[in-house]
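Just so it is clear, none of the values below were taken in a lab; they were calculated from the coordinates. These figures come from a predicted structure and were not determined experimentally. Note that each Cβ is placed from the backbone with ideal geometry, even for glycine, and that neighbours are counted across all protein chains shown.
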There are 2 protein chains.
Amino acid sequence: MSKNIKYAVGVDLGGTFIKFGLVTSDGKIVKKTFLDSKANEGPEKVIKQIKRGIKDLLDKSDYKITGIGIGAPGVISIKRGTVENPPNLPGWGKIHLGKIISKEFKLDTFVENDANAAAIGEMIFGAGKKLNSFLMITLGTGVGGGIIFERKLFRGETGAAGEIGHLSIDYKGDKCNCGSFGCIEVYAGNSYLINRVVKEYESNKSSLIFSLVNNNFDSLTPKVISDAVIQGDQFANSIIQQLGNHIGYALASVANLMDITSIIIGGGVAGFGEKLFDSIELSMRERVLKSLQPRIKILPAKLSNDAGIKGASSLVFYKN
Amino acid sequence: MSKNIKYAVGVDLGGTFIKFGLVTSDGKIVKKTFLDSKANEGPEKVIKQIKRGIKDLLDKSDYKITGIGIGAPGVISIKRGTVENPPNLPGWGKIHLGKIISKEFKLDTFVENDANAAAIGEMIFGAGKKLNSFLMITLGTGVGGGIIFERKLFRGETGAAGEIGHLSIDYKGDKCNCGSFGCIEVYAGNSYLINRVVKEYESNKSSLIFSLVNNNFDSLTPKVISDAVIQGDQFANSIIQQLGNHIGYALASVANLMDITSIIIGGGVAGFGEKLFDSIELSMRERVLKSLQPRIKILPAKLSNDAGIKGASSLVFYKN
């Protein structure tokens, strides 16, 4: 253990699990653990779990800890370190999570929206190390995003910037959970994606996608689609192609608006691999203003494993 | 003439006319003039016209001039003061306009994209005086935009940011001049708007819009639509409503992405008035993320007359 290495605690607060990691300033996890969130037992219980996890992590270790970073869902006030109405943590209202954890461990504590934490993580440790500006987009249950402009998180007026999942690509499109229509999340969010596949069952009955799950739609996941792609299934291929096109259209609009042309894509799409990335790049190029075309860059995220923990811990090194 | 007042020259370079004004640091025009651009005679002629106009303006006056600001179409490199391929000025290529004018008059010269200049103008002199951040959108032949974030122009990576006209609201929509589909310019740009009206002629023959121009489609302008609205024409009303909705949808996406919720709207739509603004606000509110709703603000631009000259001159005071 070199004395020059700095350490941070990264906490990835999710609705089901809380993940904890001790991370070096060059992005290596030296120790990690996880606990149930126990979200249904209310915020006090969740906070107890967070404290317990951090204690476990620090127990019997003499690492010099620089601070604690927490990536949390929902609206975060960075100045006050509050977490407000996180969607998967019932009963929260507004909680000064930063203050509570900082007081408990006598360590500087930084709380950030999980999508923004992921973007900072990629900038400090990952695919954005050498990029001045980029857009991070995370494909999962929802579609999250974070904007890095000139090596700083672009937070907008209140810290809510980066919601690329709720950029609409079709104002007459399907309804989104947010209340709007045709949001990119409606095309790329996991459950929406599965629904689209199911809707096209009748005309694609022979696709591997369906035989892989014995026609049991409840077992359909993005992983299944990805497996079918790998085995050369045509319908699965067309689904990925479409998905890539939709994402590319949204990214073209973002690039035109913000003049940011490097995109890092993360989340549970690693399995879709090059096919998805190629189709995103192609459709973005096709639709973006000509003057921006030569600069388009689509990169896979590098923190795929433990992205949450690393992203959260990066908040400490970003701030320091 | 108080000695404390600063003066700047504002030059609004257009494809048909070049407008010149001597503007005080509090946004009053004390003298103005204009000349033909003579764009068809090539860039050297246009530059001659610019020099001539500025000379005329400064002739026989002993104002203490702080600098010259030029608003120009096309891609501008702010660092080098170059103007590159402005769409309505044939044969330009890349010209160091800033250097040329600065050398001629021995005055600091600032060149900016006209849409960005308009945004800075509204910040320094107009509706954005008290706003920390806002999006300026200019409706005209095209749809331009400029982003002010924390009292600074958000230029993106290369100075091309703010092209809200090329944010697509329907990826399957009509083709835009830029090559993409469903861009907001396709809905709100003047000629597109007129085309939409003409397309609906058959089912709206009795509309005032058409009788006002004796069914001569070539005479249709936004002003005619606006006149019909004022006289209570239902079809004209529905056109404005639709226009407002489309703009509102685009603005909701921008707000979700950038967390900027104050919008200043300028350009040749003053005549459409409150009806347009109300419908923009309503549809933006309807589609934006719930957490942003309470902060939505739609404001008319204040520099409507001489916006080009004032916007250009504001570059001098912005920089100084």
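Quick notes on this structure:
- Counting other Cβ atoms within 10 Å as a rough exposure proxy, the listed residues A:S77, B:S168 run A:S77, B:S168 from fewest neighbours to most.
- In this structure, the pairs whose alpha-carbon distance is over 30 Å, taken from A:K175/A:K290; A:K106/A:K297; B:K6/B:K48; A:K60/A:K129; A:K38/A:K310; A:K175/B:K302, are A:K175/A:K290; A:K106/A:K297; A:K60/A:K129; A:K175/B:K302.
- Extreme residue, positive dipole direction of chain A, given options A:P294, A:L89, A:I18 (C-beta unit charges): A:I18
- Sites matching chymotrypsin sites (Phe, Trp or Tyr not before Pro) across the stretch A:144-250 that sit in DSSP coil, with at most 16 neighbouring C-beta atoms within 10 Å: A:Y201
- Averaged over the residues of B:247-255, the number of partner chain Cβ atoms lying within 10 Å of the residue Cβ comes to 5.
- Placing unit charges on the Cβ atoms only, positive for Lys and Arg and negative for Asp and Glu, gives the protein assembly as shown a dipole magnitude near 2460 debye about its Cα centre.
- In this rough spin-label picture, where each label sits 7 Å from Cα along the Cβ direction, the A:S211-B:R295 distance is 5.3 nm.
- Across chain B, Cα pairs under 8 Å and at least six residues apart give a relative contact order of 20 percent.
- Fraction of beta bridges assigned by DSSP in the stretch A:130-300 that are antiparallel (%, nearest 5): 55
- All aspartates and glutamates inside 13 Å of A:K45 as judged from Cα atoms, apart from same-chain residues fewer than 8 positions distant: A:D36
- Anisotropy class of the stretch B:187-320 from Cα gyration tensor, a/c 1.5 cut: oblate
- Potential extension, B:E200-B:D227 segment - 0.36 nm per residue separation minus Cα distance: 7.9 nm
- Chain B: angle of helix B:43-58 to the longest principal axis, Cα-based, in degrees nearest 10: 70
- Under the convention that each Lys and Arg Cβ holds +1 and each Asp and Glu Cβ holds -1, the size of the dipole of the stretch A:130-300 around its Cα centre is about 420 debye.
- Annotation: the residues A:D62, A:D114, sorted from fewest to most other C-beta atoms within 10 Å of their own C-beta, follow the order A:D62, A:D114.
- Dipole-positive endmost among B:A161, A:Y171, A:M284 within the protein assembly as shown (Cβ charges, Cα centre): B:A161
- Net charge dipole, chain B: roughly 1240 debye, given to the nearest 20, about the Cα centre with Cβ charges of +1 for Lys and Arg and -1 for Asp and Glu.
- The stretch A:4-135: antiparallel DSSP beta bridges as a percent of all, rounded to 5: 65
- Charge-dipole axis of the stretch A:130-300 as Lys and Arg at +1 and Asp and Glu at -1 on Cβ define it, positive-most pick from A:T141, A:L193, A:M258: A:M258
- Each of B:H166, A:H96 has some number of other Cβ atoms within 10 Å of its Cβ, and from fewest to most they run A:H96, B:H166.
- Here chain B is treated as a sphere whose radius is the Kirkwood value from Cα pairs; by Stokes-Einstein at 4 °C and 1.567 mPa s it diffuses with a coefficient of 64 µm²/s.
- Number of partner chain Cβ atoms within 10 Å, mean per residue of B:282-288: 3
- Beta bridges assigned by DSSP with both partners in chain A are antiparallel in approximately 60 percent of cases.
- Alpha carbon centroid spacing (whole Å) that separates the stretch B:289-320 from the stretch A:165-226: 41
- For the stretch A:210-240, the residues whose backbone nitrogen is under 18 Å from a point 7 Å from the Cα of B:K172, taken along Cα to Cβ, are A:238-240.
- With contacts taken as Cα pairs under 8 Å and at least 6 residues apart, the stretch B:172-299 reaches a relative contact order of 22 percent.
- In degrees, nearest ten, helix A:273-287 long axis to first principal axis of chain A (Cα): 70
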